[in-house]
1. What's the carbon and sulfur percent of the chain's accessible surface, probe 1.4 angstrom, rounded to a whole number?
2. Sticking with the crude label model, points 7 Å out along Cα→Cβ, report the distance from residue 66 to residue 23 in nm, one decimal please.
3. Suppose every K and R has +1 on its Cβ and every D and E has -1 on its Cβ; what is the size of the dipole of the stretch 95-158 about the Cα centre, in Debye to the nearest 20?
4. Sequence gap at least 6, Cα distance under 8 Å: using those rules, report the relative contact order of the stretch 1-76 to the nearest whole percent.
5. Select from 153, 135, 123 the residue farthest towards the positive end of the dipole of the stretch 116-175; place +1 on Cβ of Lys and Arg, -1 on Cβ of Asp and Glu, and compute about the Cα centre.
6. Once a ≥ b ≥ c are taken as the square roots of the eigenvalues of the Cα gyration tensor of the stretch 79-142, is the result rounded (a/c under 1.5), prolate (a/b larger than b/c) or oblate (a/b not larger than b/c)?
7. What is the chain's relative contact order, in percent, from Cα pairs under 8 angstrom and six or more apart in sequence?
8. By the gyration tensor of its Cα atoms, with a ≥ b ≥ c the square roots of the eigenvalues, what is the shape of the chain: rounded for a/c under 1.5, prolate for a/b over b/c, or oblate?
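The values are calculated or read from the model by the stated rules, or taken from the named source; none is laboratory data. Please read these numbers as outputs of a predicted model, since none were measured by experiment. Cβ placement follows ideal geometry from the backbone for every residue including glycine, while neighbour counts extend to all protein chains displayed. Accessible surface is based on the protein model in full, side chains and every heavy atom, while ligands, DNA and RNA are left aside. Shrake-Rupley method; radii C 1.70, N 1.55, O 1.52, S 1.80 Å.
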Amino acid sequence: RLGALELEAREYHSGCSAFDMENRTAYVGTETLPARLVKVRLDDTSGLPQRKSAIQALRLRSAAFLADQDALLTGMYTSPGRIVKTLTSFHDLMHFSPVELDIPVDVVSFNLYALSGKGTFRLGIYGGKDLTRLVWESGDISPPDDGGWIEAPVIKGSPQYVTLEPGSYFLAWKTSSRSQGAAYLENSDAISYAQEIYGDFPQQFEYTIGRRLPVHWSVYLELLPEEQTGR
């Protein structure tokens, strides 16, 4: 025995589990009602299991990890039965956080907090009547070796100058790595996902095909009021 992890109160009687071997991660389902699906990862330094997160579910009976899709399938002990597919990676997805502007501004840079130094990021801004029109996008941006804030100057993206009028916008990002992501706050603004292969952002997209979660990514724009730009 090398080590052990004690789960939290009411997380007992583990009934099913699935394993993501590449990322040293296990998903353990409890037999409680309601059940919990607990994400556990082996620490890179100590090799010991560490609890990362958990979600509430119905009565769990089986679980399987699909490595080629970065997805978890869980079987529910309900009537009728149910198979639920849950995405476990940020890869091949577009992620959005909403922002509201009260005055016209020029965008100086787009900033995001990366969880690690793996892969590259693409950053973008969507606007328009339905928030589905691409306003600006960056090229590939590499994060710091140990993760942290990355800055994408607007002048290095397309177009090189962006003025945003008052209204609603989406700050969008995606990553090339299955082991990468952005930091986030829970219980905050809603986030929409849309399936999209890593690369250029689509000029138009339909975000209603995605899903909404109560998180807010650690992203922000550096802005200048239009009258201060001198252009």
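1. Numbers: 6390 of 13050 Å².
Carbon and sulfur: 49 percent of the exposed surface of the chain.
2. Reported label-point gap for residue 66 and residue 23 is 1.5 nm.
3. Around 220 debye, computed over the stretch 95-158.
4. 27 percent
5. Sorting the options by dipole projection puts first 135.
6. Oblate is the answer for the stretch 79-142, as a/c is 1.5 or above yet b/c matches or exceeds a/b.
7. Values: 572 pairs, mean separation 43.2, N = 231.
Value for the chain: 19 percent.
8. Details: a/c = 2.50, a/b = 1.92, b/c = 1.30.
It is prolate, given that a/c is not under 1.5 and a/b is the larger ratio.
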